[in-house]
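Undergrad: Let me begin by handing over the structure; questions about it come next.
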Amino acid sequence: MKGYRKHLTAVLLAIISISVLAGCNSDDGKASGKSDPLKVHIALNGKMGPLVIAKEKGLFNEEFSKLDAQIEWSEFQSGPPLLESLASNRVDLSFLGDGALIAGIDKNLPFEVIAQTGRGESSVRILAQAEGNIKQIEDLKGKTVGVASGTTGHVYLIKALKAHGLTTDDIKLINLQPDDAQAAFETKQLDAWAIWNPYYLNNIEKGNAVALKVKGKILAPGAIIARNGFAKAHPEIVEAYLKVYKEAADWQIENPDEASEIYSKETKLPVNTVKTIITAEEPNIFFTEDAIKAQQESIDTLAGVGYIKKSFNFKNQIKNEYIDEAFKK
């Protein structure tokens, strides 16, 4: 844990430095008029989720054309590298898992929490080798466990270990992005792996892994975010973004077969596997009390183990004005 804290501090200091030194980007543009269209930088965080649907089906085209805006897409495997681009004004709108979200707020990085992505009840698990000797969380002591530091998987791991009387000091923690961790897990360089879908279900269905049972229920809710400067300059774009995100989420719920086909092409996973994932839990952009409570529990837990400097009130971080305006009756 001490080594990770040093690593996290160094990474976030670099992010803050980039933020300070970065020049202006799309905040200088105009969202209307006869000037060049406003460039809106939207980041995909993984290969599944309503933003992928919106991109593939062109759902942003109508809403954004009304506002003389065009999208420039980027893609990240996880939240921490996305935060770095956001801090340097290269991401305007996206979403984050709870790990990157909490660490970013703790370091006062330049984004606002404008909605949620869902409760995160089915999204993260700790995998162990199918033919290994790890049968329960307590068996992780002294074992090599992979996780992408600062992600929702990392938060889940910390909370799961705590529930079973352990900390990350009791394991050999290896910081790996998902694709690298997949290779390491397959070659048995990792005893276990804390990871989100579609990775965890795919490995279970292939027979490579088993999911370890955890005491209680650990939710891992994500959040939709907007970069501060961009949101202040272009609130109408933020509202349009939320409308399209919800449109894509609703379409996915109503069309699980077609949505599964889209995600299957993106992830190269079997359609049936994808359908199992997306029908296990419906996306929901409106904050729920249990999701807010779960975020607060994560914040308090992470402050207690030194992952963040101090606890804070998550409700105070939520900016409801954009979602209220976008969906006002």
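The values are calculated or read from the model by the stated rules, or taken from the named source; none is laboratory data. Note that the structure is a prediction, hence the values are computed from the model and not measured. Using ideal geometry, Cβ is built from the backbone for each residue, glycine included, and neighbour counts are taken over all protein chains shown. Quick note on the areas: whole protein, heavy atoms, side chains included, nothing else; ligands and nucleic acids left out. Shrake-Rupley method; radii C 1.70, N 1.55, O 1.52, S 1.80 Å.
Undergrad: So Ile285 ticks every box in (1) in a loop (DSSP other than H, G, I, E, B); (2) aliphatic (A, V, I, L, M); (3) out of contact with any helix residue (DSSP H, G or I) (no Cβ under 9 Å at 6 or more places or on another chain) but one. Which box is left unticked?
TA: That leaves (3) as the condition not met.
Undergrad: Could I ask something else about it? Have a look at Asp170, Asp191 and point out the one that is in contact with a strand residue (DSSP E or B) (Cβ under 6 Å, 6 or more places away or on another chain), modelled with pLDDT of 95 or more, among the charged types (D, E, K, R) and open to solvent by less than 60 Å² (accessible area, probe 1.4 Å).
TA: Exactly one residue qualifies, and that residue is Asp191.
Undergrad: Separate question: Which residues, counting only those in the range 275-292, are within 18 Å of the chain's Cα centre (by Cα) and surrounded by 14 or more Cβ atoms within 10 Å (Cβ to Cβ)?
TA: Ile277, Ile278, Glu281, Pro283, Asn284, Ile285, Phe287, Thr288, Ala291, Ile292
Undergrad: Same structure, new question: Being modelled with pLDDT of 90 or more, within 20 Å of the chain's Cα centre (by Cα) and within 30 Å of Lys159 (Cα to Cα), is that true of even one residue in the range 29-43?
TA: Looking for residues that are modelled with pLDDT of 90 or more, within 20 Å of the chain's Cα centre (by Cα) and within 30 Å of Lys159 (Cα to Cα), one finds at least one in the range 29-43, hence yes.
Undergrad: Looking at (1) assigned to a strand (DSSP E or B); (2) touching a Gly at 6+ places or on another chain (Cβ under 9 Å), which is the one condition that is false for Ile71?
TA: Ile71 satisfies all of (1) assigned to a strand (DSSP E or B); (2) touching a Gly at 6+ places or on another chain (Cβ under 9 Å) except (2).
Undergrad: Continuing with this model, one more query. Any idea which of Leu269, Leu302 is of a type in the set (A, V, I, L, M, F, W, C), at pLDDT below 95 and touching a Ser or Thr at 6+ places or on another chain (Cβ under 9 Å)?
TA: It is Leu302.
Undergrad: If you go through the range 203-213 one residue at a time, do you hit one that is surrounded by 17 or more Cβ atoms within 10 Å (Cβ to Cβ), in a strand (DSSP E or B), within 22 Å of the chain's Cα centre (by Cα) and not acidic (Asp, Glu)?
TA: no
Listed here are the residues, each with its yes/no results for (1) within 17 Å of Leu44 (Cβ to Cβ); (2) of a type in the set (D, E, K, R).
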{"residue": "Gly229", "(1), (2)": "no, no"}
{"residue": "Ala240", "(1), (2)": "no, no"}
{"residue": "Asp257", "(1), (2)": "no, yes"}
{"residue": "Ile277", "(1), (2)": "yes, no"}
{"residue": "Glu297", "(1), (2)": "no, yes"}
{"residue": "Ile308", "(1), (2)": "no, no"}
{"residue": "Tyr322", "(1), (2)": "no, no"}
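Undergrad: I'd like the full set of residues that are assigned to a helix (DSSP H, G or I) and either hydrophobic (A, V, I, L, M, F, W, C) or surrounded by 16 or more Cβ atoms within 10 Å (Cβ to Cβ) (or both), limited to the range 297-329.
TA: Matches in the range 297-329: Ser298, Ile299, Thr301, Leu302, Ala303, Phe314, Gln317, Tyr322, Ile323, Ala326.
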